[in-house]
Amino acid sequence: MSFAPTSRRPRGEGLRALLWLSPWLAGVAVFFVYPLLSTVYFSFHRYDMYTLEFAGLDNYRYLLHDPRVGVSARNTLWLVAFMVPATVLFSLALAQLVTRLKAGAGLLRTVFYLPSLVPMTAGTITFVFLLNPGTGPVDHLLSLLGVRGPDWFGDPDWSKPSLTLLSLWGCGQLMVIFMAALLDVPRHLYEAAAIDGAGPWRQFRSVTLPVIAPVLMFALVTNVIYALQYFSQAMVASRVASGVTDSPGSSFSPGYPEESLLTLPQWLFQTGFRDYSMGYACVLALLLFAVSMIFTLILLRQFRGAEAGEGS
């Protein structure tokens with residue numbers, strides 16, 4: 001009579017695993033779970049950093065009637081719909097160019113990567129001055145070609161495209177990530193595709209894209225989250241382009257020109273730390289968190305569906 005061997009987990013193995021995970025669990029509890037629960041709690045209150053008063057669903061009702069929420073949400077979604085694809089595709093194109101070049105690749109790699117090393121605030125201020133319609137060199141060069149440049153950061157129709165150009169200018173880090181992914185594609189796959197008569201576009205679509213798909217998904221998810229949290233560049237560009245300072249008697253309202261650069265994180269900051277309406281700011285934070293989760297889940301589901309389709 002034989003018995004199948006049974007594997008019994010040693011006593012204390014679960015406790016040891018929990019002990020090794022405890023630093024991560026403590027970090028998640030302190031820096032994610034507790035702030036999230038606190039945000040939910042304060043969203044049901046009127047809180048101005050000094051007094052706390054229960055308000056029920058009043059903050060959520062006001063969210064439906066706040067005109068700035070609609071404006072900031074549209075601007076933020078514009079960045080997700082246009083700036084993110086443009087940045088990802090441009091970074092991929094630069095990486096493809098640098099990896100294919102045989103001469104001067106090192107110089108171009110350095111030139112394309114250097115802008116990403118410039119501090120965010122300094123880069124934004126420099127970019128605004130470069131695109132200044134009166135004194136900027138960009139419009140001066142365009143005038144030499146007989147082209148009249150727009151009022152880049154002073155025209156509501158051009159302000160968000162100007163921020164997109166700023167994002168393209170500083171995409172060096174993403175380019176390096178794509179370069180690493182492209183260099184990791186096995187050469188024999190390209191050789192086999194060439195033998196089968198596949199041209200450059202077919203090789204890119206049938207060989208390159210499937211191999212770098214996880215990196216491409218990483219770039220999309222991180223850039224979508226980055227666009228949903230877009231704050232510093234839009235705030236700095238608005239302030240510099242408006243010419244308003246923090247001197248006595250002057251006030252700056254984010255979103256210049258005409259609230260075209262007002263993003264959801266900026267309105268959250270204005271509500272919480274300028275108007276001291278922290279309860280309503282918590283509602284905006286929960287809205288931003290929910291939208292980020294929805295976009296991330298949609299992208300991951302699309303990626304898994306594409307992987308399943310290729311596998312079948």
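With an a/c value of 1.5 or above and a/b not larger than b/c for the gyration tensor axes a ≥ b ≥ c computed over the alpha-carbon atoms, the range 62-192 is described as oblate. Computed over protein heavy atoms with a 1.4 Å probe, the accessible surface of the range 206-294 works out to 42 Å² per residue. In the chain, the portion of solvent-accessible area held by carbon and sulfur atoms comes to 66 percent [1.4 Å probe, whole percent, DNA, RNA and ligands not counted]. The 3J(HN,Hα) values that the Karplus relation (6.51, -1.76, 1.60; θ = phi - 60°) gives for the range 260-266 are, in residue order, 6, 10, 7, 9, 4, x, 5 Hz. Gly and Pro appear as x.
Relative protection proxy for 234-241, 296-303, 269-276, from highest mean packing down: 234-241, 269-276, 296-303 (other beta-carbon atoms within 10 angstrom).
For the range 41-83, the residues whose backbone nitrogen is under 11 Å from a point 7 Å from the Cα of residue 289, taken along Cα to Cβ, are 41-43. Using alpha carbon centroids, what distance separates the range 70-145 and the range 29-50, in Å? About 37 Å separates the Cα centre of the range 70-145 from the one of the range 29-50. For the range 179-240, the direction-averaged projected area of the alpha-carbon convex hull comes to 5.8 nm². Placing a label point 7 Å from the Cα of residue 299 along the Cα-to-Cβ direction, the residues of the range 62-84 whose backbone N falls under 16 Å of that point are 76-84. Shown is the FRET efficiency for residue 187 and residue 229, computed with R0 = 25 Å from the Cβ-Cβ distance and rounded to the nearest 0.05: 0.05. Couplings for the range 38-43, taken from phi via the Karplus curve 6.51 cos²θ - 1.76 cosθ + 1.60 with θ = phi - 60°, read 5, 5, 4, 5, 5, 5 Hz in order; Gly and Pro are left as x. Of the trypsin sites (Lys or Arg not before Pro) found in the range 120-205, those that fall in a DSSP loop while having at most 14 other beta-carbon atoms within 10 Å are 148.
The structure-derived value of Cα extents along the principal axes in Å appears in the list [x] 113, 61, 39; [y] 80, 65, 38; [z] 91, 62, 31 under the label [z]. Using a Gaussian network model on the chain with a 10 Å cutoff between Cα atoms, which of 197, 70, 106 fluctuates the most? Residue with maximal mean-square fluctuation among 197, 70, 106: 197. Taking amide H positions as modeled 1.01 Å from N, with prolines and chain starts lacking one, the residues under 5 Å from residue 45 and 5 or more places away or on another chain are 55. Solvent exposure of the range 113-159 amounts to 62 Å² per residue of accessible area, where only protein heavy atoms count and the probe is 1.4 Å. Across the range 53-66, coupling constants 3J(HN,Hα) worked out from phi with the 6.51/-1.76/1.60 Karplus curve, θ = phi - 60°, read 9, 5, 10, x, 9, 4, 5, 6, 5, 5, 4, 6, 10, 7 Hz, and Gly and Pro carry x. Around residue 185, what is the net charge, scoring Lys/Arg as +1 and Asp/Glu as -1 over all other residues with Cβ under 14 Å from its Cβ? Taking every other residue near residue 185 into account, the sum is +1.
The values are calculated or read from the model by the stated rules, or taken from the named source; none is laboratory data. Here the structure is a predicted model, which is why all the values come from computation and not from measurement. A quick note on method: Cβ atoms are made from the backbone with ideal geometry, for glycine too, and the neighbour counts reach across all protein chains shown. Just so you know, the surface numbers come from the protein's heavy atoms only, side chains and all, with ligands and any DNA or RNA stripped out. Shrake-Rupley method; radii C 1.70, N 1.55, O 1.52, S 1.80 Å.
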